[in-house]
1. Go over the candidates Lys159, Lys118 one by one and state the one that is over 21 Å from the mean Cα position of the chain (by Cα), farther than 21 Å from Met268 by Cβ and away from the ligand (no atom under 16 Å from the Cβ).
2. Being open to solvent by 100 Å² or more (accessible area, probe 1.4 Å) and out of contact with any helix residue (DSSP H, G or I) (no Cβ under 9 Å at 6 or more places or on another chain) is the filter here; which residues of segment 1-19 pass it?
3. State whether one or more residues within segment 64-80 are open to solvent by 100 Å² or more (accessible area, probe 1.4 Å), farther than 30 Å from Phe437 by Cβ and not in a strand (DSSP E or B).
4. Among the residues of segment 189-202, how many are away from the ligand (no atom under 16 Å from the Cβ) and in a helix (DSSP H, G or I)?
5. Provide a single number: the residues in segment 221-240 that are of a type in the set (Gly, Ala, Ser), crowded, with 21+ Cβ neighbours inside 10 Å and assigned to a loop (DSSP other than H, G, I, E, B).
6. What strands (runs of 3 or more DSSP E) lie completely within segment 258-328 and have 3 or more residues being within 11 Å of the ligand (Cβ to nearest atom) and open to solvent by less than 10 Å² (accessible area, probe 1.4 Å)?
7. Output the residues belonging to segment 300-324 that are among the hydroxyl-bearing types (Ser, Thr, Tyr) and modelled with pLDDT of 95 or more.
8. Taking interchain pairs and intrachain pairs at least six residues apart, which have beta carbon atoms under 6 angstrom, with the first residue in segment 35-56 and modelled with pLDDT of 90 or more and the second among the polar types (S, T, N, Q)?
Amino acid sequence: MYKQLASDKENIEVLLESVKQLTTQHFQQVETIPTSAKPQEVKNYHLPEEGIGAEAVLAQFKTDYQQLMCGSSGPRYWGYVTGGATPASVIGDWLATTFDQNTQSVQGRGDVSAIMEKETIQLLLDFLNLPKTFFGGFVTGATMSNFTCLGVARQWIGKNQGYDIALDGLQKPVQIVTGMPHSSVIKGIAMLGMGSTNIHKIPLLDGREAIDVEKLEDFLKQNASDDVIVLSSAGTVNSVDFDDLKAIATLKETYNFWWHIDAAFGGMVACVEDKKHFVEGWEKADSITVDCHKWFNIPYDSAVFFIQEKHQKRQIETFQNSNAPYLGNPIEDFSYLNFLPENSRRFRALPVWFSLLAYGKKGYQEIVQRNIDVAQKLTNYIETSEKFELVAPTRVNVVCFKVVGLSQEKQDEFLQTLNSRRKIFITPSVYLEQSCFRAAFVNWQTTEKDIVIAIEELEETHHQYI
Ligand SMILES: Cc1ncc(COP(=O)(O)O)c(C=O)c1O
């Protein structure tokens, strides 16, 4: 064995002790870590002939990069929709790496990872109040979950039209209708060869990011519905608006379309008493996307798809790894590789299993409610401030706002200045054609005191800038 490999194995306890200390320090100090890193150039690296061993690499990481790791897992990083990592999920993630299971094994044959994955899916369905008629699995993120669900939808449509898209390729256009999809859904449609220009946008309700269901029904009346995919949003990325899922569920009783819901983070309202009506009816969907690295606060990368079990045949046709006879019959010899895009993949269920069991329904409800409350606190400040104004209503956990009386160029500069102070991090967005700043609250550590800091930062930047 190469000398550095042998000595790293010999010293594993000492090495991991150093990593444990670094991780502990991160958990203790994440609140003070700057929320963005200063711009850096890519260094010109050359791979040395001789390895230097893990201890020396760790020292190099500490010197060269540790200080540049931004506080994106901390309480005041509100850009995009960025979750953190709960303590239990970090433990699960470390152990997923330690045990390095081969999740493509056939269920129950020498490996328990598929069984734990199925169990974890049940925990998630319980938490989200979804029925066990859904079959689920883990992929890297909501983008891949949307892709997976839409891949099965595409196959279902081909079969309705009398051909097999997995075998013969796409031969007729698929009709895709939607109101306000996330960009990743459009990317998924492009990757699946269905053509993003085939997306038919149905008008939105006035002043909303939600589809006009009457107009959707008009479309369904005029088109044979069994070659239609209806894409719904359960939480748009800007204003966390929800399509009327209950009304769309009712349409499904009359029209035979495939219904996919992107509930990447908005699905979490299922656990909040006065918000859960937003997802009423979603159990009737054919497929649903939920991210775990957002509001579930699981480390990257982690998301799930839920697809109704009745579509299992179409799912297998889409993803079957059919050239490997040793893998057997996909139903009797169950392996996840016949049900999703990847073959080999990491044991993503483990960190989710750890975190769900560690904190339970109540723990997650508390995180979600606290994030909703802090979003409201920031909203209250903006509503009463003469310096800032809301651009969208705060429905759940995202606040869209801007500075009063500044040109677009100056708004952009303001946001850059605010972020360059490195105490909070917010990303720009466009809400119904209006540019704005957008703060998304999904981190398990964010509390009211972070909003106090944010208000100070906004006031000081305003003072410095105007
Ligand atoms: C509604 C929605 N769908 C999909 C995505 C894409 O998620 P991911 O980056 O995990 O692929 C996002 C990301 O913010 C989102 O908000």
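1. Testing whether each residue is over 21 Å from the mean Cα position of the chain (by Cα), farther than 21 Å from Met268 by Cβ and away from the ligand (no atom under 16 Å from the Cβ) leaves just Lys159.
2. Lys3, Leu5, Lys9, Glu10, Glu13
3. Filtering segment 64-80 for residues open to solvent by 100 Å² or more (accessible area, probe 1.4 Å) gives 67, 80.
If we keep only those that are farther than 30 Å from Phe437 by Cβ as well, we get none.
No, that holds for no residue.
4. From segment 189-202, those away from the ligand (no atom under 16 Å from the Cβ) are 193-195, 197-198, 200-202; that's our starting set.
With the extra rule that they be in a helix (DSSP H, G or I), the set shrinks to 197-198.
Count: 2.
5. 2
6. Numbers: elements: 258-262, 287-291, 303-308.
Where strands (runs of 3 or more DSSP E) fall fully within segment 258-328 and carry at least 3 residues being within 11 Å of the ligand (Cβ to nearest atom) and open to solvent by less than 10 Å² (accessible area, probe 1.4 Å), they are 287-291.
7. First, the residues of segment 300-324 that are among the hydroxyl-bearing types (Ser, Thr, Tyr): 300, 302, 318, 322.
Across segment 300-324, the qualifying residues are Tyr300, Ser302, Thr318.
8. Cβ pairs passing all conditions: Ser36/Asn419; Gly51/Gln4; Gly53/Gln4.
The values are calculated or read from the model by the stated rules, or taken from the named source; none is laboratory data. Since the structure is predicted, the reported quantities are computational estimates derived from the model, not experimental observations. Backbone-built Cβ (ideal geometry, glycine too); neighbour counts: all protein chains shown. Surface accessibility is based on the protein's heavy atoms, side chains included, excluding ligands, DNA and RNA. Shrake-Rupley method; radii C 1.70, N 1.55, O 1.52, S 1.80 Å.
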